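Contents: one structure, followed by commentary.
FYI, it's all coordinate maths here, none of it is from the lab. Note that the coordinates shown come from a computational prediction; the quantities given were computed from them, not determined experimentally. All Cβ positions, glycine included, derive from the backbone under ideal geometry; neighbour counts span all protein chains shown.
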Amino acid sequence: MSDRRLPEVAVVGGGITGLAAAHRLLELGREREASPQVKLFDAAQRLGGVIGTMNRDGFLMEEGPDSLITEKPWALQLIERLGMGDRIVGTQDEHRRSFIVKKGRLYPTPEGFHLMAPARLWPLVTTPLMSPLGKLRVGLDLVLPRRRGDSDETLGQFVKRRLGREAFEAMAQPMISAIYGGDPMRLSLLATFPRFRDLERRHGSIVRAMWLAARKSAAAGQAGGSASGARYGMFASLGGGLQELTDELARRLPASCARTGVSIKSVLRTRGGRWTVTWDGGKSDFDGVIIALPAPRAAEVLRSLDDDMARRLSFVRYGTSATVGVAYRQEDVEHHLDGFGFVVPAREGLTMLGCTFAHRKYAGRVPDGYVMLRAFHGDRSDPLSDDDLVDATRRDLTRLLGIRGEPVLTHVTRYHESLPQYGLGHLDLIDDIDQRMTGYSGLVLAGNAYRGIGVPDCVRSGENAAAAIMDAVAS
Ligand SMILES: Cc1cc2nc3c(=O)[nH]c(=O)nc-3n(C[C@H](O)[C@H](O)[C@H](O)COP(=O)(O)OP(=O)(O)OC[C@H]3O[C@@H](n4cnc5c(N)ncnc54)[C@H](O)[C@@H]3O)c2cc1C
């Protein structure tokens, strides 16, 4: 046996990014027969970050993320490697449709309308969600010239330019806001949905491109498709909710690896080229450090090391969000709730951005005879107390869904600065940050601030960070 000192690595942040990073460090250590000593720090008392599943009296509600998009395989692959493949559940696709609110009523989203553009024209022609003129304007997309140049634009500018203001306000805006919790007029097209720019470039028209893509995926589906998407549908979760994943990752950490309730204050380089991680009342040196924090927190931790870097990190703006779960007896809800939920255009003036019919999306989440509605709120929730937020949610739901009785359960979860809003020029900003980071061997940034906000993106980011650190400490 060699008497070589084992590399010591700190992971700062124990959300899914930090947990995936720590797990991958240990996995790579075993593969390379050079297991690092890993310490994971989290300011909160519980690991998992924004991932959390409430489980009370037979009601199971996701407080944060509720679904993994299967097109991005990294989280599902991790789940399989953890031996939890049999826990993966797909959505109940017999209820797979959604609604959009117009003047206080729910209308089905036109079939084939994907995020911000339609793959089929007929459902759009017949929808009451848009005026005849608005629909004609969408059709103009087929003949409008494509945009020249590579410069970024906002998602809002893109949709308005291709499909018109009405398609944006009635459909694209609420769908995008329900994902990002933010305003599409401030979100970068290239950092969020670069595929749409690519489609415009290749096909000239978004509608034509969407139509061709739908035909292709229908043909692939008929041919049996082999991706995880074909196995589980578009979205997947775990039988007991997504917290099963973070709990399992936490459980696999060696004893005394994780330190909760420890807020890291700074990371500084030592004279010998190692890294000093400092918290209130303590510090320790490491060969490598992964900073798996939301950008504003990463900026604070790195300020003493590199003020310019901290400034750049603080340019990544984060929004506030909240989820409010409300369960009712089925007979107290007039609406059939035959879908996964609805989204609310900003012009409706409601507090919520959207609502998931959680009991329909995944099976086994409520006792028989009950329904579980989960409202998603953005910045408008910020000034409201929890009680006021529940009241506003119940008021909106009562009006939209015809609710008669009292809820049997309510559950509020708030997230301050937890969902990044990739603004114009985000990718250039991140390239710049990456470039500056090359000067800091053994220090790596990971998380939702950089190249994707979803759980699968975070898993990939954490695992890539682990591989980079293993290479750095080996050399
Ligand atoms: C309401 C909501 C719904 C979402 N829905 C979906 C969805 O359906 N599907 C999907 O794919 N994604 C969804 N997302 C996005 C996704 O969940 C997040 O981007 C992802 O979970 C972020 O993980 P993370 O580990 O990077 O950050 P976080 O989960 O924010 O974890 C960061 C951790 O760092 C800790 N920390 C902070 N400061 C310090 C410090 N100084 N020292 C030590 N520790 C510190 C915190 O306590 C926290 O545990 C949703 C997000 C939210 C908020």
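Computed values, structure above
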read-out	value
Residue-span extension gain [residue 285 to residue 428] - 0.36 nm each, minus C-alpha spacing	48.2 nm
Taking 431, 457, 368 and counting other C-beta atoms within 10 Å, the order from fewest to most	368, 431, 457
Efficiency of FRET between residue 107 and residue 269 - r from beta-carbon atoms, R0 51 angstrom, step 0.05	0.30
Interchain or long-range residues, amide H under 5 Å from residue 8's placed H	37, 287, 288
Dipole magnitude (debye, nearest 20) for segment 109-228, charges at Cβ of Lys, Arg, Asp, Glu	400
Share, in percent, of DSSP beta bridges within the chain that are antiparallel, nearest 5	75
Set of lysines near residue 265 by C-alpha distance (under 17 Å), chain-local residues within fewer than 8 positions excluded	39, 283
Residue order, fewest to most beta carbons within 10 Å, for 385, 217, 177, 461	385, 217, 177, 461
Inter-label distance for residue 234 and residue 35, nm, one decimal - labels placed 7 Å from Cα along Cα-to-Cβ	4.3
Where a label projected 7 Å from the Cα of residue 71 along Cα→Cβ would reach, residues of segment 437-475 with amide N under 12 Å	none
Candidate lysines for bridging to residue 103, where Cα separation is under 23 Å - those fewer than 8 sequence places away on the same chain excluded	135, 160
Segment 68-125 versus segment 128-201: alpha-carbon centroid distance in Å	19
At least 18 Å along the helix axis (C-alpha) and Kyte average at least 0.0, DSSP helices within the chain	16-31, 206-222, 455-474
Residue 165-residue 399 FRET efficiency (beta carbon distance; Förster radius 30 Å; 0.05 resolution)	0.70
Gap separating the Cα centres of segment 242-311 and segment 349-414, nearest whole Å	36
Simple spin-label estimate for residue 329 and residue 92 in nanometres, 7 Å along Cα-Cβ	2.0
Estimated distance in nm for a label pair at residue 80 and residue 55, the labels positioned 7 Å out from Cα along Cα-to-Cβ	2.5
